[in-house]
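Chemist: Pasting in a structure now, in structure tokens, and then I'll have a few things to ask.
The values are calculated or read from the model by the stated rules, or taken from the named source; none is laboratory data. Keep in mind it's a predicted model, so treat the numbers as computed, not measured. Cβ coordinates were reconstructed from backbone atoms using ideal geometry, including for glycine residues, and neighbour counts include every protein chain displayed. In case anyone asks, the SASA skips ligands and DNA or RNA and just uses the protein heavy atoms, side chains included. Shrake-Rupley method; radii C 1.70, N 1.55, O 1.52, S 1.80 Å.
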Amino acid sequence: MTEVFPLVIDFLSRSLMLIGALSVLIGGIGVLRMPDIYSRIHAASLTDTMGTIALFSGLMLEAGFALATFKLFAIMVFLLLTGPTATYALANAVLESGSVPAAAKLSDGDDFKGETK
Amino acid sequence: MTIVFALFLLSLLVITALAIVQTRNLFVAVMLLSIFSLLMAANFFVLDAADVALTEAAVGAGVTTVIFLSALTLISGTEKKAPQAGRGVALIVVTITTLLIIYATFDKPRLGDPEAPVHQHVAPFYIENTYELMGFPNVVTAVLASFRGYDTLGEVFVVFAAAIGVLFILDARTGTGPAYGMPEARGLKHHLIPKAVGGLLVPFVLLFGLYVQFHGEYGPGGGFQAGAIVATAIILYAILEGEKAALRAVPRSVLMALVVGGALLYGLVGVVCMLMGGDFLDYSVLLPDPVVGRQVGIIIIEAGVGMAVCGSLLSIFHAFASRRPSRIDHESV
């Protein structure tokens, strides 16, 4: 039992960090590939939430029960509070500046060319 | 691995710098400058300069970005075309300088080389004597506040002079500038989510600022960083609740008192040292035990530095924010 436990922890933390790294990668690809600014913001927000949670959980498992774990937890909470708020503020600012989401255009039957100005 | 990361960060720095030069949109330029500072902070951290990294992140990426943005609301959002004349001369000067700098790097010692001249001069003395003389481990704080206290005193006076200069130029004598009553002066009150989350964060940012201020002898940090972090917290409050609310929380008179008081406090510690029979800024005479005396002196002058930096950054922010923004080319921003 005592010999298997570190292995399980290692496996869990590495998997979590891999998931986190993949989320960040997908977020990055999404920012480059998505059609309009709202979907790009949505892709970028994946880094703030999924990426943060998975990466930091993995790091916390790796650090064990130590001061570093608490610091990592504090940073994670801070990022989880600020990231989505920044995403909201950005999307709100874009909406107030008059940019129409591509999806809304599509459903209105307007011409949708996959891009907005 | 570290060297790969450092090279990656340095390449990003070059790309960002080129993008800053290229763009004509000043808003984009400000954002890129902020990214540049953040990359620079990461670079400093890779080089194990945690104190400098903290300063760069707090001042460069944080406060200056806000001050640049508030300055941008007063002017047009795009850069004018530079005159074409004299570009050839500029190109020649830049090329020669670049070649000279590249040539100079051939003589540069390798990164972290213990035989390098910079590690042979006074650095061994600082490293060997910090713990013995001051009783705390952070050599950077010891150098900044005690070994080279005159330099830091000079820096505080530079910060002081900068704040006074900006206030003179922007003419922020009145507490009720023309911007009041405009929608911008109300802050983000109608945006519930940023207001709630930001309001939640302000006390923690302030607490972290105090931690950085008073833990500077043991961890990275000190007056400069703490002053900038506290200033960020109050600027965040100003963005959320409007400038008027921030001025109600920390009035201009308090800001002026912080700027003047910080510089005065630093200088007075030096004078008190002289009166007690030591040299100017020789803290060891402050208390019977010279080690404790130095610690007390450093804590007091760090407080002075923090006050001066915080007060200056906030006065500069308010000097920009209390003016009426121009509406001329809002579209291009």
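Chemist: Within the bounds of the stretch B:288-295, is there any residue that is closer than 30 Å to B:Ser253 by Cβ, assigned by TED's automatic domain parsing to the domain that holds B:Val230 and in contact with a helix residue (DSSP H, G or I) (Cβ under 8 Å, 6 or more places away or on another chain)?
Modeler: No, the stretch B:288-295 contains no residue that is closer than 30 Å to B:Ser253 by Cβ, assigned by TED's automatic domain parsing to the domain that holds B:Val230 and in contact with a helix residue (DSSP H, G or I) (Cβ under 8 Å, 6 or more places away or on another chain).
Chemist: How many of the residues in the stretch B:193-219 are assigned to a helix (DSSP H, G or I), within 17 Å of the chain's Cα centre (by Cα) and away from chain A (no Cβ under 13 Å)?
Modeler: 5
Chemist: Here is a further query. Could you please give the count of residues in the stretch A:72-98 that are within 12 Å of chain B (Cβ to nearest Cβ), open to solvent by 90 Å² or more (accessible area, probe 1.4 Å) and at pLDDT 90 or above?
Modeler: 1
Chemist: Taking the criterion of being touching a helix residue (DSSP H, G or I) at 6+ places or on another chain (Cβ under 7 Å), open to solvent by 70 Å² or more (accessible area, probe 1.4 Å) and closer than 30 Å to B:Arg252 by Cα, would at least one residue in the stretch B:131-149 satisfy it?
Modeler: Looking through the stretch B:131-149, none of the residues is touching a helix residue (DSSP H, G or I) at 6+ places or on another chain (Cβ under 7 Å), open to solvent by 70 Å² or more (accessible area, probe 1.4 Å) and closer than 30 Å to B:Arg252 by Cα.
Chemist: With the requirement that a residue be under 16 Å from the mean Cα position of the chain (by Cα), within 23 Å of A:Phe78 (Cα to Cα) and open to solvent by less than 30 Å² (accessible area, probe 1.4 Å), what does the stretch A:6-55 give you?
Modeler: A:Gly20, A:Ser23, A:Gly27, A:Ile41, A:Ala43, A:Ser45, A:Gly51, A:Thr52, A:Ala54
Chemist: If you don't mind, there's one more thing I want to ask. Of everything in the stretch B:46-60, what is over 16 Å from B:Val309 (Cα atoms) and either crowded, with 19+ Cβ neighbours inside 10 Å or touching a Pro at 6+ places or on another chain (Cβ under 7 Å) (or both)? Give them in sequence order.
Modeler: Listed by number, the residues that qualify are B:Ala50, B:Ala53.
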